[in-house]
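Participant: Handing you a structure now.
The values are calculated or read from the model by the stated rules, or taken from the named source; none is laboratory data. Since this is a predicted model, take the numbers as computed values, not measurements. Here the Cβ is made from the backbone with ideal geometry for all residues, glycine too, and neighbour counts use every protein chain on show. Only protein heavy atoms, including side chains, enter the accessible area calculation; ligands, DNA and RNA are left aside. Shrake-Rupley method; radii C 1.70, N 1.55, O 1.52, S 1.80 Å.
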Amino acid sequence: MRVICLRYIVVTGGVMSGLGKGITAASIGRLLMNKGYRVTAIKIDPYINIDAGLMSPFQHGEVYVLKDGGEVDLDLGNYERFLDIELTRDHNITTGKVYSTVIEKERRGEYLGKTVQIIPHITDEIKRRIRQVSRTGGSEICLIEVGGTVGDIESMPFLEAMRQLKYEESGNIFFVHVTLAPMTSDGEQKTKPTQHSVKEMRELGLQPDMIVVRCKKPLLPETKAKIAHFCDVPIEAVISGHDSDDIYRVPLQLEAEGLTRYIMKAMRLFPLEERRDWYDLVQRMDAVREKVSMALVGKYTSGSQCTDPMKDAYLSIREALKHAGIEAGAMPEISWIDAEDLERLQPERVLKDFDGILVPGGFGVRGTEGKMNAIRYAREKGIPYLGICFGMQLAVIEFARNVCGLEGASSTEFGETPHPVIALLPEQEKVRQMGATMRLGNYPAHLLEGTLAHRIYGTTEIVERHRHRYEVNPAYIEILEKRGLLFSGRNGDLMEIMEIPGHPFFFACQFHPEMRSRPGRPSPPFLAFVEAMKAQRLRRAGSTCTLELTA
Ligand code: GLN
């Protein structure tokens, strides 16, 4: 058994937020993983919320769900996808979590009369959490991404904890600072914001070992030299983090910049192997020539049909579609359809040119009638449909109303209804608190043999991640199934998957398969959906041909 002393790589951000620090950190992790190391990641979010569960995806991007039910920042999804690992709620450290532990300890009298302070009590708790998580699962390298920007009041205790960690882990800790070099209209790359943010770090007792500079075009040698000179790092440690058309290309770019070589040398690491799978993946992605067009009908989309709005609100779905697209050799082109448009306009007008329709997870009544109009259109016109969580609940309601004739059928989430086909899970009835109280994380499901679900997964026992309060009301299963809907995946009394036999592809699930999709290992329902869209595209092309011939 090899024993490698644990190394920490701390990634901080300067100048402004939204620089892609998470992707940079995940890429660094992937590059070291390519060299044979076991890598894990911790995301620090300096907000007071305990977790991301109650945060609006509209403001913060999607809430990512982990196997243990942790509702966390979407960066953890990037870590899981880039590093092919499974994280836990403890891998996301927030101010809320740190303070609540310290306050509980104080109430138990564990501080023995001392004044409880940010230094050392809060910083000790931060370090305790980091050490505890990084040591589990045999990791050899632990990335620590400090959310926010250096200089924010919120992140001060975390940066102070990093300063202490630097001292305590001396030699085994490496600091990467991600900044921005804005470009003037005449193409000059400006270094002052980077200089200022490094100065700010120094005031906190920190000095970056490497600076990754985000910029529109590759960093010029003179820009690198200037940053190296003013920020006191060797020129090889100034890395160009120029824009890339796809995040999966970022590791390759950083590698070409010499990042891996530099970090490994600085941390006395040697290549244990040379994994090529990430390179192969990018190559396969580049080789995809075909496209399929699909509608993602959501509530968070702004305006009618935009090309790429709210991309973070549905990040894992986009990623899962990409994984499936690489595998199927046809990339889904997503049109974001505002559900409310489908309440005003004829679904035919909005949806006729798509090879598939997807309704993702969601909450609350706004936009639901529009989503159900889309689902009805997919069901009646034989267009491939993938429903996720809310997208399954609404498909059940639509079927109850329009096929079973249950007028006014609905979910109790939206108020009183004569036919509550979707109702609160029994375990939810006593729940009063909002945070972390849904049915969350991994649960198994049993698939019926010979169904679409069984074919898609190729097995009868699956495990997927969940995040919901409502479920299909068992009292309505019989009537729904009598009229042609099939619950092909179940967990006891809980309906996990529905499908409509005879339809080219109508598959909806109560769980979120997108959270377990990985580059190179696409989620089975997503892959099947993309394959079904390919078939639909051929059918559409066929029918246009026939029309042209008969004209
Ligand atoms: N609002 C629904 C529920 O709570 C669906 C949730 C979701 O789509 N994640 O059950």
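Participant: Which GluC sites (Glu not before Pro) does the range 400-473 hold that lie in a coil by DSSP with at most 14 other beta carbons within 10 Å?
Facilitator: Those that pass, being in a loop and sparsely packed, are E407, E416, E429, E449.
Participant: Could you quote the convex hull projected area for the range 407-456, Cα atoms only and averaged over all directions, in nm²?
Facilitator: On the way: hull surface 23.4 nm².
So the Cα hull casts an average projection of 5.9 nm².
Participant: Given H placed 1.01 Å from N in the peptide plane, which residues other than close sequence neighbours of V63 have an amide H under 5 Å from its amide H?
Facilitator: Excluding prolines and chain starts, which carry no amide H, there are no hits.
Participant: What translational D, rounded to a whole number of µm²/s, comes out for the range 134-203 from Stokes-Einstein when the hydrodynamic radius is the Kirkwood one over Cα pairs, at 4 °C and 1.567 mPa s?
Facilitator: In µm²/s, the coefficient rounds to 90.
Participant: Right, something else. Add +1 for every Lys or Arg and -1 for every Asp or Glu among the other residues with Cβ under 11 Å from the Cβ of N34, and state the total. Don't skip to the end; give the middle numbers.
Facilitator: Details: positive: R30, K35, R275, R276; negative: E255, E273, E274, D277.
With Lys, Arg at +1 and Asp, Glu at -1, the net is 0.
Participant: Continuing with this model, one more query. Would you work out the relative contact order for the range 432-533, in percent, from Cα pairs under 8 angstrom that are 6 or more residues apart?
Facilitator: Value for the range 432-533: 25 percent.
Participant: Relative contact order for the chain: what is it in percent, counting Cα pairs under 8 Å that are at least 6 residues apart?
Facilitator: 15
Participant: Further question on the same structure: Quick one: what Rg and Dmax do you get for the chain from the alpha carbons, in Å?
Facilitator: So, for the chain, Rg and Dmax equal 25.3, 90 Å respectively.
Participant: Quote the Stokes-Einstein diffusion coefficient, in whole µm² s⁻¹, for the range 364-495, based on the Kirkwood radius over alpha carbon pairs, a temperature of 25 °C and a viscosity of 0.890 mPa s.
Facilitator: This corresponds to a translational diffusion coefficient of 157 µm²/s.
Participant: If you don't mind, another one. If DNA, RNA and ligands are ignored and the probe is 1.4 Å, what is the ranking of K534, K430 by accessible area, most exposed first?
Facilitator: The most accessible residue leads, giving K430, K534.
Participant: Calculate, for the chain, the solvent-accessible area per residue in square angstrom, rolling a 1.4 angstrom probe over the heavy atoms of the protein chains.
Facilitator: I get 43 Å² per residue for the chain.
Participant: Here's a follow-up. Take every DSSP beta bridge with both residues inside the chain and express the antiparallel ones as a percent of the total, to the nearest 5.
Facilitator: 35
Participant: Also: Mind jotting down the distance between the C-alpha centroids of the range 102-121 and the range 373-391, whole Å?
Facilitator: 54
Participant: Could you calculate the contour length gain from I103 to K265, that is, 0.36 nm times the residue separation minus the distance between their Cα atoms, to one decimal place in nm? Intermediate values should be presented prior to the final figure.
Facilitator: On the way: separation 162, 0.36 × 162 = 58.32 nm, distance 4.18 nm.
That pair, I103 and K265, stretches by 54.1 nm at full extension.
Participant: What accessible area, in Å² to the nearest ten, does a 1.4 Å probe give for I235?
Facilitator: Result for I235: roughly 80 Å² accessible.
Participant: Could you work out how far apart the two model spin labels at T460 and R163 are, taking each label as a point 7 Å from the Cα in the direction of the beta carbon, and quote it in nm?
Facilitator: Output for this residue pair reads 6.2 nm.
Participant: Alpha carbon centre of the range 22-68 versus the range 458-510: separation in Å?
Facilitator: Using only Cα atoms, the two centres lie 31 Å from each other.
Participant: Moving on to the next point. How much net charge surrounds R539 when only the other residues with a Cβ under 12 Å from the Cβ of R539 are counted, with Lys and Arg +1 and Asp and Glu -1?
Facilitator: Surrounding charge for R539 is +3.
Participant: Expressed as a rounded percentage, what relative contact order does the range 49-176 have, with Cα pairs under 8 Å and six or more residues apart?
Facilitator: With pairs under 8 Å counted, the relative contact order is 17 percent.
Participant: Considering only protein heavy atoms, with the full assembly of protein chains and a 1.4 angstrom probe, order Y167, Y385 by accessible area, largest first.
Facilitator: Output order, biggest surface exposure first: Y167, Y385.
Participant: At a probe radius of 1.4 Å, what is the per-residue accessible area of H177, in Å² to the nearest 10?
Facilitator: Accessible area of H177: about 0 Å².
Participant: Would you kindly derive the ³J(HN,Hα) couplings of the range 410-421 from the backbone phi angles with the Karplus curve 6.51 cos²θ - 1.76 cosθ + 1.60 (θ = phi - 60°), listing them in order in whole Hz, with x for Gly and Pro?
Facilitator: 3J(HN,Hα) across the range 410-421, in whole Hz: 6, 10, 5, 4, 9, x, 4, 8, x, 10, x, 5.
Participant: Still on this structure, please answer the following. Can you tell me the FRET efficiency between Y279 and R539 if r is taken as the Cβ-Cβ distance and R0 is 30 Å, rounded to the nearest 0.05?
Facilitator: E between Y279 and R539, to the nearest 0.05, is 0.25.
Participant: Something else: Test of understanding: what is the full-extension gain from S185 to D246, defined as 0.36 nm times their sequence separation minus their Cα-Cα distance? It would help to have the intermediate numbers written out before the result.
Facilitator: Numbers: separation 61, 0.36 × 61 = 21.96 nm, distance 2.46 nm.
The span from S185 to D246 would gain 19.5 nm if fully extended.
Participant: Quick one: work out Rg over Rh on the C-alpha atoms of the range 203-318, Rh as Kirkwood radius.
Facilitator: Computed over Cα atoms, the ratio is 1.08.
Participant: Rank R261, R401 by accessible area, highest first, at a 1.4 Å probe radius?
Facilitator: Sorted by accessible area, descending: R261, R401.
Participant: For the range 381-491, give the percent of accessible area contributed by carbon and sulfur heavy atoms, probe 1.4 Å, rounded to a whole number.
Facilitator: Here carbon and sulfur together make up 50 percent of the probe-accessible area.
Participant: If I model a spin label as a point 7 Å beyond the Cα along the Cα-Cβ vector, how far apart are those points for V431 and H446 in nm?
Facilitator: 2.5
Participant: Using a 1.4 Å probe and ignoring any ligands, DNA or RNA, find the accessible area of E274 and quote it in Å² to the nearest 10.
Facilitator: The value for E274 is about 110 Å².
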